[in-house]
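For reference, the structure is listed below as structure tokens.
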Amino acid sequence: MSEVHGEGRPENGTLYVVATPIGNLEDITLRALKVLAEADIVAAEDTRNTAILLARHAISKRPVALHEHNEAAMAGKLVHWLREGRSVALVSDAGTPGLSDPGARVVASVRQAGLRVVPIPGPNAAVSAFCASGIPDGRFLYYGYLPARSAARRAAIAGLAALDCALVFYEAPHRILEAVDDLAGTLAEGRTIVIARELTKVYESIERMPLREASEWLRADSNRQRGEFVLIVSGASKQARTKGNEWERILDLLLSELPLAQAVRLTCAATGAKRKAVYERALAAVATANKKE
Ligand code: SAM
């Protein structure tokens, strides 16, 4: 087998990381179809889902399961198959494997074994949302899912607050309200959010608004809380970054002299920073200091 990068069949002993549709089944490249049709093995996160995609494109092949719970064990198997000279196509349930999806561990094992990994680019929810968001300057940080628990989520957001690039998050419908509430409550005024829902599907919507208005917008219609979401928040302005650095610096100074509650109260009073964010950072700083001791 030859010509991996051209028109030919998949090469022996090669792992292909294949992007698949995030909704619309027609969003698949010619090269992806060729690799899926001709690879010796298709390893899929959800075999039933992938079987539907394959059937839609007249590919009669039974995928093997490779998901979050068996990825470590399957990594060894895949390396074995590749060493035997077979070609393997790896797909996730939707989009690009390894991005908030299984795949990264397998790829690491295969590369560590000195075997070849070839990406077959295609759909990805973050990039699809970003390219239609109208957020200028083209730079973003891909975060994926925020933590499920509120305190951890707010701490994670506070840690991103000073970045001047856009922030891209994935979110599930049952947590969309909490996540947007915490983004609005933790980040400085003046940010913009783009809520991209059900991309490439029948009810696709991409709405852009001030972050502080997003919770109300979502609550105004329960349909707006349904489906799959990408959230994009514009980066921190120069002014907010300076302000953020200032309160963080003051908090660190006060924490070295005062109890936590007092340090938080004084930081908020002195800088106007949000209590929640200051409190989260203070807790994190104290935890780090305790670990060092
Ligand atoms: N690997 C995928 C990718 O490349 O985008 C992401 C998989 S992750 C398990 C699934 C999450 O991606 C969803 O919860 C949602 O946040 C986002 N997502 C996937 N498909 C989407 C779509 N059609 N519209 C909006 N968000 C989507």
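Coordinate-derived values only; no laboratory data. Being a predicted model, the structure only gives us computed values, none of them experimental. No Cβ is skipped: glycine too gets one built from the backbone with ideal geometry, and neighbour counts run over all protein chains shown.
A compact table of results
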| quantity | calculated |
| --- | --- |
| Modelled FRET efficiency - R0 51 Å, Gln262 with Tyr203, Cβ distances, 0.05 increments | 0.55 |
| Per principal axis, descending, Cα span of the range 14-123 in whole Å | 35, 27, 22 |
| Positive minus negative residues near Leu260 (Lys, Arg vs Asp, Glu; Cβ under 13 Å) | 0 |
| Where Rh is the Kirkwood radius over Cα pairs, Rg/Rh for the chain | 1.06 |
| Spin-label pair Val118/Ala152, simplified geometry with 7 Å Cα→Cβ offset, distance in nm | 3.9 |
| Note, ³J(HN,Hα) from phi for the range 122-128, Karplus 6.51, -1.76, 1.60, rounded to Hz, x at Gly and Pro | x, x, 7, 5, 4, 5, 4 |
| Angle between the chain longest axis and helix 176-186 axis [Cα atoms, degrees, rounded to 10] | 40 |
| Per principal axis, descending, Cα span of the range 126-236 in whole Å | 36, 30, 22 |
| The chain - share of DSSP beta bridges that are antiparallel (%, nearest 5) | 45 |
| Net dipole in debye of the range 14-123 [+1 Lys, Arg Cβ; -1 Asp, Glu Cβ; about Cα centre; nearest 20] | 380 |
| Förster radius 41 Å - calculated FRET efficiency between Gln239 and Arg48, Cβ distance, rounded to 0.05 | 0.20 |
| For the range 126-236, size of Cβ-based charge dipole, Lys and Arg +1, Asp and Glu -1, in debye | 200 |
| Test item: Cα-centred dipole of the chain, Lys/Arg +1 and Asp/Glu -1 on Cβ, debye | 460 |
| Charge-dipole axis of the chain as Lys and Arg at +1 and Asp and Glu at -1 on Cβ define it, positive-most pick from Ala51, Thr20, Ala273 | Ala273 |
